[in-house]
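Note sheet for the following structure.
The values are calculated or read from the model by the stated rules, or taken from the named source; none is laboratory data. Just so you know, these numbers come straight off a predicted model, no measurement behind them. Heads up, the Cβs are rebuilt from the backbone with ideal geometry, glycines too, and the neighbour counts pull from every protein chain shown.
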Amino acid sequence: MLYIVPTPIGNLADMTYRAVTVLQEVDTVLAEDTRTSGVLLKHYGISKPMLPYHQHNEHKITGRLIEELQAGKTFALITDAGTPGISDPAFFIIRECIKSNIRVECLPGATAFVPALVNSGLPSDRFCFEGFLPLKKGRHTLLTSLSTEPRTIILYESPVRLVKTLLQLITYFGADRPCSVSRELSKKFEETIRGTLQEVHDYFSNKSVRGEIVLLIGGTPDK
């Protein structure tokens, strides 16, 4: 069978007991980056073979992995941080497992957008998760569509593009649309900045931005 195992988004103490147990018991750990995952496994005293599994090789090696799973092997899939499949590799191998009647089990665990959403102060009963925006093709079309989205919108963004994206959002959503930016969640320098798109843009435009970014925008107000 295949286990989908969430890993901490920053603080290693956020690993669940069950996740550690599963990683101790599987035959092989499929890791997005074996160097990053090696630090996590070493921290918990887990000594298991690791195999790189990421967006650049998943189509090439999944067929062989399916054959090994059918032969009785048990794998755990982990990514650098958070739950696999949420803006990270997982969908392709899960789909192939389902096609081949191989059992798949996803453990509950860390996902960056959940604490960012709850902590934002924006409505969390209904939301729209878009992950990373397209860099070029389709970006204008998507932003135009999202500008009238009534639910809270959740985006992931890189620190080097944050200020530029905020400025672009002002153009599409208006400077007064409420938003929240969370970075370095669960880490020592965790920070959440709330305000209008203009206020948050002005705050970050004068700073060196680091860490993983979760950007939330309030839905379009009722007319």
Of the listed residues (G109, G38, G72), the one being in contact (Cβ under 8 Å) with a residue 60 or more places away in the chain and either closer than 28 Å to G211 by Cβ or assigned to a loop (DSSP other than H, G, I, E, B) (or both) is G109
Quick check on P159: is it out of contact with any Phe, Trp or Tyr (no Cβ under 8 Å at 6 or more places or on another chain), assigned to a loop (DSSP other than H, G, I, E, B) and either loosely packed, with under 15 Cβ neighbours inside 10 Å or not assigned by TED's automatic domain parsing to the domain that holds M15 (or both)? yes
Residue that is farthest from the chain's Cα centre (by Cα) [pool: residues in region 36-63 that are under 16 Å from P89 (Cβ atoms) and loosely packed, with under 13 Cβ neighbours inside 10 Å]: G63
Among the residues of region 16-29, how many are in contact (Cβ under 8 Å) with a residue 60 or more places away in the chain and either buried (at least 17 other Cβ atoms within 10 Å of the Cβ) or of a type in the set (S, T, N, Q) (or both)? 3
Does region 89-96 contain any residue that is outside the structural domain of R183 (by TED's automatic domain parsing), in a loop (DSSP other than H, G, I, E, B) and at pLDDT 95 or above? yes
Being farther than 28 Å from F129 by Cβ and at pLDDT 95 or above narrows it down to one residue among G82, G63; which is it? G63
Looking only at region 164-223, and only at residues there that are of a type in the set (S, T, N, Q) and closer than 25 Å to N11 by Cβ, the one that is surrounded by the fewest Cβ atoms within 10 Å (Cβ to Cβ): S208
